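I have placed the structure first, in the form of structure tokens, so that the comments after it can refer back to it.
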Amino acid sequence: MEYNNPKNYGFLEPTIQPKDWHEGKIELKFGAQQVLQENGQWDTFLPETEAQVKKTETSNCTGFATNNALEIIMARRFGGLYDYSDRATGILAETRPPGNDPNKVIEAVRDNGLLPEADLPFSDDITSPDQYYSPSPLPSALLTKCKLFLKTYTIAHEWVTNDPASLMRNLKYSPLGVSVFAWAKDGDLYYKPAGEKDNHWTLCVGYKENEYWLIFDSYTDEGSPIKKLRWDYQFGYVKKYSVIDQPTPEQISILQKILAKLAEVLKLLFLQSEQIKQNLPVIDAIPNELIAPETKPKTLYEWDTKEHIKASIKKIALEYGVDGQLACNVAQCESGLDIRAVRTNTNKTKDRGLYQWNNYWHPEITDEIAFDPEQATRLFCKAVKAGNLSWWNSSKKCWNIV
């Protein structure tokens, strides 16, 4: 039985506030959540292993686990690998040794967004916490780049209870941030010694019912970030995360029209009510044009000719802050601007649609989505915003030619 002397690995116990969200609040605010992993297992979507200690201890476990949770959710929803700067997240959350409150950290991400790892990496030349947590505050150029994330996504989070039924239920929606005591081990399983307080924030990514909880950690055990915790492990605090798509300008415009029509109807109903009260002749019934189905407006995007396709791509790219010409060039090189293009590869996988979404690497993108040029273009723009333009590198030599 191994039992390390307790250390502070970076978890500071949060003070739960009345305004904090608890289970059910995300659904109440944003509508029914999509079940992403019915079996509650997230281990096939893990990002690359990143340790919170190299030549210095960062005490940034809350930053590493928070970013890992969001990267995993995005990998599940959009495919590919995502890597955001844990260092930038720590700076934005004002994390310093001995650590931070995980609620403060995710709030910093919710307010400021995420920065790609390449823009502020945890490089091997960093030898002290002061170096790691600099520059502080983030320069405006980096902060602006962080906030680009929030143009496409909204971050939400809520506390959930720590009983096994709650953990299994909520693992269907996201990996779970959990507080633990680091570390005590009995054979292959970690446990919490009686009387010890939690000192570390990490990520629960699955389980084997009645046997163990699966942890993806920012400390490695014999080179692996995976740890198995006893089934009866008592997590002190548990947090669920969500990455929610921002409504597009087109969606906002449609909602505004609906609300305007509703306001007109309510006004007329009020006038009718007042006339009845005063025994006045009742005005005509609500005009048909207010209750009859509105003639469907001409679509914002047209896909019938190559010129229309380019124009539509540029409109959508503008919504996401993506270079419209680049988006057109990639589509031209990938599919020849053929929205129904299909390429069968030597390994029998298929590349589909305008941006040739592969059915093996992106199984979450159905044929219906891949061949829908608007959805395919939006997914391309989201991937570019997340730093994944390299997914299309096979056609890169062509981009500047077309």
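Multiplying the sequence separation of Ser224 and Val53 by 0.36 nm and subtracting their Cα-Cα distance, what value in nm do you get? Mind dumping the intermediate values first?
Details: separation 171, 0.36 × 171 = 61.56 nm, distance 1.42 nm.
Net length gain for the segment: 60.1 nm.
Once you measure Cβ to Cβ distances between cysteines in the chain, which Cys have no partner under 4.7 Å?
Lone cysteines by the Cβ rule: Cys61, Cys146, Cys204, Cys328, Cys381.
Let me know the whole percent of all Cα-Cα pairs from the chain that are separated by more than 34 Å.
Values: 33616 of 80601 pairs.
Percent of Cα pairs beyond 34 Å in the chain: 42.
In debye, nearest 20: dipole of the chain around its Cα centre with unit charges on the Cβ of K, R (+) and D, E (-)? Can you show the working numbers first?
Numbers: 46 positive and 54 negative charges, 171 e Å.
Taking the Cα centre of the chain as origin, the dipole is about 820 debye.
With Cβ to Cβ distances under 14 Å as the rule, what net charge do the other residues near Tyr237 carry (K, R +1; D, E -1)?
Result for the local shell: -2.
Could you pull out every residue, at least 5 positions away or on a different chain, whose amide H is within less than 5 Å of the one on Tyr207? Hs are placed 1.01 Å off N in the peptide plane, and Pro or chain starts have none.
Leu214
Among Phe380, Leu300, Ser218, flag the residue with its Cα farthest along the positive direction of the charge dipole of the chain, charges on Cβ as +1 for Lys/Arg and -1 for Asp/Glu.
Leu300
Please give every one of the lysines within straight-line cross-link reach of Lys261, meaning a C-alpha to C-alpha distance under 16 Å, and leave out same-chain neighbours fewer than 8 residues apart.
Those lysines meeting the cut-off are Lys296.
Scan region 131-185 for trypsin sites (Lys or Arg not before Pro) in coil per DSSP, keeping those whose Cβ has at most 16 other Cβ atoms within 10 Å, and list them by number.
Numbers: sites: Lys145, Lys147, Lys151, Arg169, Lys172, Lys185; in loops: Lys172.
Answer by residue number: Lys172.
With the crude spin-label approximation of a point 7 Å out along Cα→Cβ, what separation in nm comes out for Lys348 versus Ala165?
Going by the 7 Å Cα→Cβ label model, 4.4 nm.
Among the aspartates and glutamates, which have Cα under 18 Å from the Cα of Lys397 when same-chain residues fewer than 8 positions away are ignored?
Asp323, Glu334
Of the options Thr366, Val330, Cys398, report the single residue whose Cα projects farthest towards the positive end of the charge dipole of region 326-402 (beta-carbon charges: Lys, Arg +1; Asp, Glu -1).
Cys398
With just the Cα atoms defining each centre, how far is region 184-203 from region 101-141? Give it in Å.
What the calculation gives is 28 Å, centre to centre.
Using only Cα atoms, find the angle between the long axis of helix 306-320 and the longest principal axis of the chain, and express it within 0 to 90 degrees, rounded to the nearest 10.
Its long axis makes an angle of about 50 degrees.
When ranked by the protection proxy of mean other Cβ atoms within 10 Å per residue, highest first, what sequence do the peptides 324-335, 224-235, 188-199 form?
On the way: 324-335: 21.1, 224-235: 17.2, 188-199: 14.6.
Put in order of decreasing packing, that is 324-335, 224-235, 188-199.
FRET efficiency for Glu107 and Lys267, Cβ-Cβ distance as r, R0 = 45 Å, nearest 0.05?
E(calc), rounded to 0.05, equals 0.65.
Hey, how much of the P(r) for region 52-172 falls beyond 18 Å, as a percent of Cα pairs? Please report the intermediate quantities before stating the final value.
Working: 3837 of 7260 pairs.
Within region 52-172, distances greater than 18 Å cover 53 percent of Cα pairs.
Can you return the lysines within cross-link range of Lys19? Criterion is Cα-Cα under 17 Å, with same-chain partners fewer than 8 residues away left out.
Lys29, Lys104, Lys239, Lys240
Just for the Cα atoms in region 102-153, what are the lengths along the principal axes, largest first, rounded to whole Å?
So the extents along the principal axes, rounded to whole Å, are 34, 24, 16.
As I understand it, the dipole of the chain uses +1 on the Cβ of Lys and Arg and -1 on the Cβ of Asp and Glu, about the Cα centre. Which of Ala341, Leu389, Val178 lies farthest toward its positive end?
The one lying farthest along the dipole's positive direction is Ala341.
Sum -39500 (n - 2.57) across every DSSP H segment of at least 4 residues in the chain, then divide by the residue count to get the 222 nm mean residue ellipticity, nearest 500. Intermediate results must be reported in sequence, preceding the final value.
Numbers: 14 runs with 147 residues, N = 402.
After summing the helix terms and dividing by residue count, I get -11000 deg cm²/dmol.
In nanometres, what is the gap between the two model label sites at Asp367 and Val35, each 7 Å from Cα along Cα-to-Cβ?
For the pair Asp367/Val35, the computed spacing is 2.6 nm.
In Å, what Rg and Dmax follow from the Cα atoms of region 306-399?
Cα radius of gyration and Dmax of region 306-399 are 12.1, 36 Å respectively.
Fewest to most neighbouring Cβ within 10 Å: what's the order for Arg77, Arg87, Arg110?
Fewest to most other Cβ atoms nearby, the residues stand as Arg110, Arg77, Arg87.
Going by how many other beta carbons lie within 10 Å of each one, how would you line up Ile401, Ile126, Ile16, Ile155, fewest first?
On the way: Ile401 8, Ile126 18, Ile16 11, Ile155 21.
Ascending Cβ contact count within 10 Å gives the list Ile401, Ile16, Ile126, Ile155.
Counting Lys and Arg as +1 and Asp and Glu as -1, each charge on the Cβ, what is the dipole of region 306-399 about the Cα centre in debye, to the nearest 20? Don't skip to the end; give the middle numbers.
Working: 14 positive and 11 negative charges, 55 e Å.
Roughly 260 debye, rounded to the nearest 20.
Here, each number is a calculation from the coordinates, and none is a lab measurement. Predicted, not measured: the structure shown is a model, and the values here were computed from it. As a convention, Cβ positions derive from the backbone with ideal geometry for all residues, glycine included, and neighbour counts pool all protein chains shown.
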